[in-house]
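Quick notes on the structure that follows.
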């Protein structure tokens, strides 16, 4: 979809026509998985600062169940390189990298093994 409009200019007989490509709404919003990971960091900051004392308080504050808060907080156990990748991924990768898959990877204790699992997730999804 293209939008065209004419701007009248004071110095000239004709106005100039500019073509503007509208920004798609999907491009403005980060992927869901990226937003959930960012939320987990925000919730951790609330815990560390003492604003809330435990996951139950987070659940009440966010109108979530305690189990959902636990699922969100599990993403903090991902290797830092994986977290960085998820936070800055594009929409195409977001279709492959689901929150459920990330939680499965986060349950692996060693970051080197997490990296192997994450790379296989990326490779299989493409």
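The values are calculated or read from the model by the stated rules, or taken from the named source; none is laboratory data. A quick note: this is a predicted structure, and the numbers were derived from the prediction, not measured. Glycine also receives a Cβ, built like all others from the backbone with ideal geometry; neighbour counts cover every protein chain displayed.
Identify, by number, the condition in (1) assigned to a helix (DSSP H, G or I); (2) at pLDDT 95 or above; (3) buried (at least 16 other Cβ atoms within 10 Å of the Cβ) that residue 108 doesn't meet.
Every condition holds for residue 108 apart from (1).
Quick check on my filter: what residues within region 64-73 are under 21 Å from residue 34 (Cβ atoms) and not in a helix (DSSP H, G or I)?
Residue satisfying the conditions is 64 alone.
If you go through region 50-63, how many residues are surrounded by 13 or more Cβ atoms within 10 Å (Cβ to Cβ) and either assigned to a helix (DSSP H, G or I) or in contact (Cβ under 8 Å) with a residue 24 or more places away in the chain (or both)?
Residues flagged as surrounded by 13 or more Cβ atoms within 10 Å (Cβ to Cβ) and either assigned to a helix (DSSP H, G or I) or in contact (Cβ under 8 Å) with a residue 24 or more places away in the chain (or both) within region 50-63 amount to 6.
Given the conditions (1) under 15 Å from residue 35 (Cα atoms); (2) in contact with a helix residue (DSSP H, G or I) (Cβ under 7 Å, 6 or more places away or on another chain), report the number of the one that residue 77 does not fulfil.
(1)
Can you tell me which residue among 39, 47 is part of a helix (DSSP H, G or I), at pLDDT 85 or above, under 16 Å from the mean Cα position of the chain (by Cα) and surrounded by 10 or more Cβ atoms within 10 Å (Cβ to Cβ)?
Just one listed residue meets the conditions, 39.
With respect to residue 114, determine if the residue is touching a helix residue (DSSP H, G or I) at 6+ places or on another chain (Cβ under 8 Å) and either surrounded by fewer than 12 Cβ atoms within 10 Å (Cβ to Cβ) or under 24 Å from residue 58 (Cβ atoms) (or both).
No: the conditions fail for residue 114.
Quick check, is residue 96 under 21 Å from residue 124 (Cβ atoms), surrounded by 14 or more Cβ atoms within 10 Å (Cβ to Cβ) and modelled with pLDDT under 95?
Yes: the conditions hold for residue 96.
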